[in-house]
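Visitor: One structure follows; several queries about it will come next.
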Amino acid sequence: MAALEPFRAVRYSGAAGSLADLVAPPYDAVTGDQRDRLLTRSPYNVVRLLLPESVEEAGRLYRDWLDDGILVREGEPAAWLLVEDYVGPDGVARERRGVVVSLAAQPYEAGRVLPHERTHPRIREERLRLLRALRAQPEPILLLHEGEQAVRTPEHEADLRVDGSRLWSLRDVDLERVGAGPLLIADGHHRYESAVELGDAARIMALVVSTTDPGLQVFPTHRVFAGRPDLSESTGGTRFDSVDDALGALATVSPGRAAAVAHRAGVTELLEGADELDVELVDRFGLEGISYTPDAAAAVAAVDRGEADAAFLLRGARVEDVFAVARRGERMPPKSTYFYPKPLSGLLFHPVQP
């Protein structure tokens, strides 16, 4: 059983201004242009801590905000119900529910938390240096648990509401059902591994979502290749007159069999492989010149405009398949899954130490 607990959260006070001007996407979803815009919204926007000029500056700012009352710490520990209303990359409106808790960061060998993707040492080190400077986490990682969601939505108004996210403080909640069985990291591998490396019985803030939640969706991350003329020619797949027709055929391929739509200038094909992941089929072409997008139309348009040589459109992985890979102790290639939405940063802060 994973060690889940309520925690004394740090939150923005009214002195910081409107919460809408203070929150941000998680660090790995903020583009350079977005960062510049967020910096102009408020001198207290959380992006100053997520993507600082230096980790030393981030640590100084966080301590100053606490001293000046911009951030305040809750007097009592609590878990938090987070309900997120969102429209996915497929254009469908959904609602996802989960519980924000404090989780003991333990090595994977303990079997309480399972990874499913490989990580990069450079990014882990960057997150670790920031964690050491802040001694707090401004954003939760996303975990999945198998079983029913054990928390109901309170009837009273949410304690926090911003950008489609609503948060309720839960003073009396049974977390044993949420933490029963291993938890799967859906998003946040680098942050979790950084907390483990920090040691000192570190704990990390986590949003835990049930695999049965209707709003839980895994979207595909499509692959786009530029500067790769070797990929501009047909590879012998089944040809289709349009991308839509090829995507329709892709949807009929057995989930246990790898498949992808390959779109090149004037040629759209359905590629099929063996009993492997779709991303493994595409990874055979290498990673040189690759970029990623959850937007299939944007991937196709890049090829049609001559900005890319090929686009490979994939299916979203099934949650049960991701869990199965993790239980076998295996890792999927980076960008294999796209769990959307990513929880906002700055709603709550989790001090590293109690």
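The values are calculated or read from the model by the stated rules, or taken from the named source; none is laboratory data. Nothing here was measured: the structure is a model prediction, and the numbers come from that model. Methodologically, a virtual Cβ is constructed for each residue, glycine included, from the backbone with ideal geometry; neighbour enumeration extends over all protein chains shown. To get the accessible areas, we keep the full protein, side chains included, count just its heavy atoms, and leave off ligands, DNA and RNA. Shrake-Rupley method; radii C 1.70, N 1.55, O 1.52, S 1.80 Å.
Visitor: Counting helices only, and only those DSSP H runs with n ≥ 4, report the 222 nm mean residue ellipticity of the chain as the sum of -39,500 (n - 2.57) divided by its residues, in deg cm²/dmol to the nearest 500.
Guide: Details: 10 runs with 87 residues, N = 354.
Taken over the chain, the calculation gives -7000 deg cm²/dmol.
Visitor: Over the chain, with a Gaussian network built from C-alpha contacts below 10 Å, which listed residue (GLY181, GLY59, GLY306) shows the highest mean-square fluctuation?
Guide: Greatest mean-square fluctuation among the candidates belongs to GLY306.
Visitor: Would you mind checking which residues have amide H under 5 Å from GLY181's amide H? H placed 1.01 Å from N; only 5 or more apart, or other chain.
Guide: The answer is ALA2.
Visitor: Work out the charge dipole of region 1-144 with +1 on the Cβ of Lys and Arg and -1 on the Cβ of Asp and Glu about the Cα centre, then indicate which of ALA20, PRO121, LEU144 is farthest towards its positive end.
Guide: In region 1-144, that residue is PRO121.
Visitor: As a test, work out the antiparallel percent of DSSP beta bridges whose residues both lie in the chain, rounded to the nearest 5. Each step should come with its number before you reach the end.
Guide: Details: 57 of 65 bridges.
Approximately 90 percent, going by the DSSP bridge assignments.
Visitor: Nearest 10 degrees is fine. How inclined is helix 32-41 to the longest principal axis of the chain, computing both from alpha carbons?
Guide: Tilt relative to the chain: about 30 degrees.
Visitor: For region 292-307, in order, what is each residue's ³J(HN,Hα) by Karplus, 6.51 cos²θ - 1.76 cosθ + 1.60 with θ = phi - 60°, in whole Hz (x at glycine and Pro)?
Guide: 10, 7, x, 9, 5, 5, 5, 5, 5, 5, 4, 6, 5, 7, x, 7
Visitor: Could you work out how far helix 55-67 tilts from the main Cα principal axis of the chain, as a 0 to 90 degree angle to the nearest 10?
Guide: Compared with the principal axis, the helix lies near 40 degrees.
Visitor: Given a 1.4 Å probe and every protein chain left where it sits, what share in percent of the accessible area of the chain is carbon and sulfur?
Guide: Working: 7460 of 15720 Å².
Carbon and sulfur atoms account for 47 percent of the accessible area of the chain.
Visitor: How large is the dipole of the chain about the Cα centre if only Lys and Arg carry +1 and Asp and Glu carry -1, each at its Cβ, rounded to the nearest 20 debye? It would help to have the intermediate numbers written out before the result.
Guide: Working: 41 positive and 56 negative charges, 145 e Å.
The dipole magnitude comes to about 700 debye.
Visitor: Starting from the amide H of MET332, placed 1.01 Å from N in the peptide plane, find each other amide H under 5 Å away whose residue is 5 or more places distant or on another chain.
Guide: Those qualifying (amide H under 5 Å, at least 5 residues apart or on another chain) are GLU117, ARG118.
Visitor: Taking a ≥ b ≥ c as the square roots of the Cα gyration tensor eigenvalues, with a/c under 1.5 meaning rounded and otherwise prolate when a/b beats b/c, else oblate, which class fits region 1-156?
Guide: Note, shape of region 1-156 comes out rounded.
Visitor: Also: Classify the chain as rounded, prolate or oblate from the Cα gyration tensor: take a ≥ b ≥ c as the square roots of its eigenvalues, call it rounded if a/c is under 1.5, otherwise prolate when a/b beats b/c and oblate if not. Could the numbers behind the result be given before it?
Guide: On the way: a/c = 1.94, a/b = 1.63, b/c = 1.19.
Prolate is the answer for the chain, as a/c is 1.5 or above and a/b outweighs b/c.
Visitor: For region 11-52 and region 179-233, what is the separation of their C-alpha centers, rounded to whole Å?
Guide: A separation of 22 Å, based on Cα centres.
Visitor: Moving on. In region 161-254, which GluC sites (Glu not before Pro) are in a loop and have at most 16 other Cβ atoms within 10 Å, using DSSP for the loop call? Before the final figure, lay out the partial values.
Guide: Numbers: sites: GLU176, GLU193, GLU197, GLU233; in loops: GLU233.
Of the GluC sites (Glu not before Pro), the ones in loops of region 161-254 whose Cβ has at most 16 other Cβ atoms within 10 Å are GLU233.
Visitor: Which net charge results for the neighbourhood of ASP245, defined as the other residues with beta-carbon distances under 12 angstrom from its beta-carbon, given Lys and Arg at +1 and Asp and Glu at -1? Intermediate values should be presented prior to the final figure.
Guide: Working: positive: ARG239; negative: ASP241, ASP244, GLU269.
My count for the surroundings of ASP245 gives -2.
Visitor: Under 5 Å between amide hydrogens, which residues at least 5 positions from LEU71 or on another chain qualify, with H placed 1.01 Å from N in the peptide plane?
Guide: SER13, LEU66
Visitor: For THR337, THR235, THR40, write out the residues from largest to smallest accessible area, computed with a 1.4 angstrom probe and no ligands counted. If you can, show how the numbers build up before the last one.
Guide: Values: THR337 15, THR235 70, THR40 115 Å².
My answer, sorted largest first, is THR40, THR235, THR337.
Visitor: So what's the net charge close to PRO6: Lys and Arg +1, Asp and Glu -1, counting the other residues with Cβ under 9 Å from its Cβ? Can you show the working numbers first?
Guide: Working: positive: ARG8, ARG171; negative: GLU5, GLU76.
My count for the surroundings of PRO6 gives 0.
Visitor: Please give the per residue accessible area of the chain, computed with a probe of 1.4 Å over protein heavy atoms only, in Å².
Guide: Working: 15720 Å² over 354 residues.
On a per-residue basis, 44 Å².
Visitor: Exactly which GluC sites (Glu not before Pro) in region 26-111 are in a DSSP loop and have at most 11 other Cβ atoms within 10 Å?
Guide: GLU53
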